[in-house]
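**Q** Before we start, here is the structure in question, set down as structure tokens.
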Amino acid sequence: MNIFKQIPFNIKKWVGYLVRAFFTVVALLICFLFYFTNQEEKKIQEQISGFYQEAGFKGDVSFKAAELHGISTKYAYSYQEGVQGKTVQFDFPYASLLSKEEIGRNYDTAEELAQHYNSWLVAPFFERAFTESQGFQQLKQEIKERFHQQGLEVSEVGLNLPIQNPDFEDQLARDLLAAEKAGETDLRGILTLDYATYRQIKGFSFTVTVTSLAKEYEGKHLDVSGLPPGNYVIESDTKNEGSYYFEID
């Protein structure tokens, strides 16, 4: 009888052991996760700060607190630099450990920087330079006027840079080197780039947003003579009106 009386007690005892063991393992896993995240965060901050210094950028990097998303962690930072008496800021919402090739020494000449214009570490610099340049603002006005004449009201024009285009890279290298020789040290001279110089280079992509897009205005029916070469997407602010694509060689 004594043996049977001890069985419930033993079961409760072992259940208690298992529960404590489970929570101990969970606690250890959480501690390990926070430790790993902290170490990774420090490494990313060291790499990115060192990258911009080695690459010849003289601005400041500020990091945001890491955000846990399930078992993954999101890292983000901002880059600020004074350009012609004003502070410009670029936000990088996603950061990661750098590869062996992503070191500042591989970006510290005009030619190397031009080769890596699509790298996530510097792409926002080039994108802003082109989209805010006088040449692109002029093109936006041309597109708005041309489309307005055909019954389309343009609300926005977006620009994407070419991908792996030797002609584009060569022109970038020449312009960056010229800016360097002229003493343009702010942001390595990137913000002196103007789309007007690159207007006839193929590979650019344009997104033209209109207020309304009726079916009869499909891209191939539009008069686009005089517009620069590139891939064009016309989309509407209005839902369920679709989009149209055409290319100009």
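For every residue, the table says whether it meets (1) more than 18 Å from LEU227 (Cα to Cα); (2) not small (Gly, Ala, Ser).
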residue	(1), (2)
PRO124	yes, yes
ALA129	yes, no
HIS148	no, yes
LEU187	yes, yes
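**Q** On to the next question. Consider PHE63 against the criteria (1) farther than 25 Å from ARG188 by Cα; (2) under 20 Å from the mean Cα position of the chain (by Cα): it satisfies all of them except one. Which criterion is unmet?
**A** (1)
**Q** Condition (residue is in contact with a Phe, Trp or Tyr (Cβ under 7 Å, 6 or more places away or on another chain) and touching a residue at least 60 places away in the same chain (Cβ under 8 Å)) applied to segment 100-120: is it met by at least one residue?
**A** Yes - at least one qualifying residue is present in segment 100-120.
**Q** Whether any residue in segment 82-93 is touching a residue at least 24 places away in the same chain (Cβ under 8 Å), surrounded by 15 or more Cβ atoms within 10 Å (Cβ to Cβ) and in a loop (DSSP other than H, G, I, E, B) is what I want to check.
**A** Looking for residues that are touching a residue at least 24 places away in the same chain (Cβ under 8 Å), surrounded by 15 or more Cβ atoms within 10 Å (Cβ to Cβ) and in a loop (DSSP other than H, G, I, E, B), one finds none in segment 82-93, hence no.
**Q** When you go through (1) closer than 30 Å to LEU213 by Cα; (2) in contact (Cβ under 8 Å) with a residue 40 or more places away in the chain; (3) in contact with a strand residue (DSSP E or B) (Cβ under 8 Å, 6 or more places away or on another chain); (4) not aromatic (Phe, Trp, Tyr) one by one for HIS148, which number turns out not to apply?
**A** (2)
**Q** Considering each of THR185, THR207, THR211, THR197 in turn, give the residue that is surrounded by fewer than 16 Cβ atoms within 10 Å (Cβ to Cβ) and within 22 Å of the chain's Cα centre (by Cα).
**A** On the way: THR185 fails: within 22 Å of the chain's Cα centre (by Cα); THR211 fails: within 22 Å of the chain's Cα centre (by Cα); THR197 fails: within 22 Å of the chain's Cα centre (by Cα).
Unique residue meeting the criteria: THR207.
**Q** Follow-up question, since we're still on this one. Scanning for something loosely packed, with under 10 Cβ neighbours inside 10 Å and either of a type in the set (Ser, Thr, Tyr) or at pLDDT 90 or above (or both), does segment 35-45 turn up at least one residue?
**A** No, segment 35-45 contains no residue that is loosely packed, with under 10 Cβ neighbours inside 10 Å and either of a type in the set (Ser, Thr, Tyr) or at pLDDT 90 or above (or both).
**Q** Can I ask one more? Under the condition of being in a helix (DSSP H, G or I) and surrounded by 17 or more Cβ atoms within 10 Å (Cβ to Cβ), which residue from segment 147-168 is nearest to the chain's Cα centre (by Cα)?
**A** Restricting to residues being in a helix (DSSP H, G or I) and surrounded by 17 or more Cβ atoms within 10 Å (Cβ to Cβ), the top hit is PHE168.
**Q** I've got another one for you. Would you mind telling me which numbered condition in (1) out of contact with any Pro (no Cβ under 7 Å at 6 or more places or on another chain); (2) modelled with pLDDT of 95 or more; (3) of a type in the set (A, V, I, L, M, F, W, C) PHE168 fails?
**A** It is condition (1) that PHE168 fails.
**Q** Does at least one position in segment 193-200 carry a residue that is of a type in the set (Gly, Ala, Ser) and modelled with pLDDT of 95 or more?
**A** yes
The values are calculated or read from the model by the stated rules, or taken from the named source; none is laboratory data. Small disclaimer: the values here were computed from a predicted structure and weren't measured. Note: ideal-geometry Cβ built from the backbone for every residue, glycine included; neighbour counts use all protein chains shown.
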